Amino acid sequence: MTRDPLSRARFAATAVLAFATVVFASTFLMGDATWVGFLRAAAEAGMIGGLADWFAVTALFRHPLGIPIPHTAIIPKSKDALGRNLAGFITDNFLEPATVRERLAAAELPMRLGHWLAGDAGSAAAAAHVATILGAVAEGTTSDGVWADLEHVMLDLPRRLPIPELAGRTLERAVEGGELEPLVTAALTGIDRALSDNADYLRRRISDESPWWVPEALDDAVFTKATEIAHRFFSEVAADTSHPVRSIVNSRIELVARRLQTDADLQRRVMDKVASITERDEFRAWVRSGWESAMASLGEQTTGIAQTLKSLGRRLQEDQSLQARMTNWIDGMAEPLAGAARAELQTLIPATVARWDPEDTAGRLEQWMGRDLQFVRINGTVVGALIGLVLHAIVLAFE
């Protein structure tokens, strides 16, 4: 009959122990010759070593001989602690932020992604998968029941992610990399243009707010001079990236970025605001409408998706600035995402292990590592026999 590896190893270990026992018993029928003493000492020590190791190995998984001896059946009793320790081991050794950042940097993800997407096979495969998935999802979400489940996932995700910390790190990296400068320039230019486009309205407001006794010519002069100063100010700041005002803006943004990462009260308020937004019916309707429109459009655009992905791949290969920004973004996301993953695993793994049946858990672990432990029993018997020989020789030497 064919046995599994564990059964074969257990049979071998038991056979070695039985052999040592038979030899030990047989020595009492062999007389008192010197060599019999050595044989008996070796067999006796081997039998003791084998029995001790059998007890130790068995005690890991069950009570030896079914007797509830203290500190036996260790794995079934310690199953929950095992889950907690396993979660700690994984999170401490694989999800440390420094380790995650190091591995992500070594992977050179922007370049590798760009190389894959730039190729015809990669972009076509990615586009086909995207189109297939989006088409299937778009078709499936026509059902109110399916959409209810999908909506729960999509709307619950923002509440589970560390959004304040992610936003803070993104802002911090953007300021460090100068990526906000074009936005500041655009904002200043937009304000300047808005002043010009609404000059007549602003002039009327000044006239309405001005005291009756102030001459209209004076209002015109003040307004003209004020708008000239404002236009000159916004133009100067927009044109000069080293302008002191820009430094003040960057400092304020950096302050907000730091607070988003460290200020627990601000983080709570942001998450409360996110939760209040996602709970509104208008937001849910907007998400569903946008999702269905996007899915219906993208699911039919395989060729366009492929070309877009290929173009993105070429940019990732050629544009060092884009590579640097993407690498910077990945590095900034590593710590908060690792922290979120650590928190999830520290809950998920112990909860999962806690649901396992203790006896089944012990059985599975025994199948996994029990074969090697049976060789511990064999080694215990053999090493015990050798030690018995040595000790018997030492005793005879001193007699």
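Key figures for this structure:
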read-out: Cross-chain or 6+ apart pairs with Cβ under 9 Å, segment 345-361 first and loosely packed, with under 14 Cβ neighbours inside 10 Å, then of a type in the set (A, V, I, L, M); value: 347/87; 348/87
read-out: Flag if residue 60 is in contact (Cβ under 8 Å) with a residue 40 or more places away in the chain, assigned to a helix (DSSP H, G or I) and not basic (Lys, Arg); value: yes
read-out: Options 371, 342; residue that is within 30 Å of residue 40 (Cα to Cα), of a type outside the set (Phe, Trp, Tyr) and touching a Leu at 6+ places or on another chain (Cβ under 6 Å); value: 371
read-out: Unmet requirement for residue 130, which otherwise passes all of (1) farther than 30 Å from residue 360 by Cα; (2) modelled with pLDDT of 75 or more; value: (2)
read-out: Criterion: acidic (Asp, Glu) and modelled with pLDDT under 80 - qualifying residue of 96, 102; value: 96
read-out: Pick from segment 14-63, criterion surrounded by fewer than 15 Cβ atoms within 10 Å (Cβ to Cβ) and among the small types (Gly, Ala, Ser), ranking: modelled with the lowest pLDDT; value: 31
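Conditions tested, residue by residue: (1) in contact with a Gly (Cβ under 9 Å, 6 or more places away or on another chain); (2) surrounded by 11 or more Cβ atoms within 10 Å (Cβ to Cβ); (3) aliphatic (A, V, I, L, M); (4) at pLDDT below 90.
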{"residue": "217", "(1), (2), (3), (4)": "no, no, yes, yes"}
{"residue": "223", "(1), (2), (3), (4)": "no, yes, no, yes"}
{"residue": "256", "(1), (2), (3), (4)": "yes, yes, yes, no"}
{"residue": "274", "(1), (2), (3), (4)": "no, yes, yes, yes"}
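Condition check ((1) under 30 Å from residue 171 (Cα atoms); (2) in contact with a Phe, Trp or Tyr (Cβ under 8 Å, 6 or more places away or on another chain); (3) not assigned by TED's automatic domain parsing to the domain that holds residue 158) across all residues:
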site	(1), (2), (3)
309	yes, no, no
325	yes, no, yes
328	yes, no, yes
331	yes, no, yes
334	yes, no, yes
337	yes, no, yes
341	yes, no, yes
344	yes, no, yes
362	no, yes, yes
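The values are calculated or read from the model by the stated rules, or taken from the named source; none is laboratory data. As the structure is a prediction and not an experimental result, all values here were calculated from the model. Counting neighbours? That spans all protein chains shown, and the Cβs are built from the backbone with ideal geometry, glycine included.
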